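Below: one structure, written as structure tokens.
The values are calculated or read from the model by the stated rules, or taken from the named source; none is laboratory data. These numbers were taken from a predicted model, which means no experiment stands behind them. Cβ sites come from the backbone with ideal geometry, for glycine too, and all protein chains shown count toward neighbours.
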Amino acid sequence: MSSDSTQSSECREIEVRKGQVTDKMPRDAFRERFLARFYDPAFRTENESLARLEAIAWDAYSNAPLDNLRTSYAQICEQILWITRASSNAGG
């Protein structure tokens, strides 16, 4: 599978729904959703790195105006995929 097809399947355009909850999610829910991508045991050696990335992502998310969350999520997703691919290539 090419990186373009992986990227498009994991970071697809987000459709903003109207009439839904307008509050930001709590930190625990954000952490759970963020780390869900890294369920593979191969990532356990990077728990500290993932915790740092989650903290950076949380800061960006929690400090972004609600109107900017769509863009922020897309940018964060792109960065996560880049880091994931880079670490996979470095390991073998």
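Count of the stretch 36-59 residues, restricted to those that are aliphatic (A, V, I, L, M) and more than 14 Å from GLN79 (Cα to Cα), is 3. In the stretch 22-31 there is at least one residue that is over 13 Å from the mean Cα position of the chain (by Cα), of a type in the set (Val, Ile, Thr) and modelled with pLDDT under 95. Looking only at residues in the stretch 28-46 that are under 16 Å from ILE56 (Cα atoms) and of a type in the set (Asp, Glu), the one that is surrounded by the most Cβ atoms within 10 Å (Cβ to Cβ) is GLU46.
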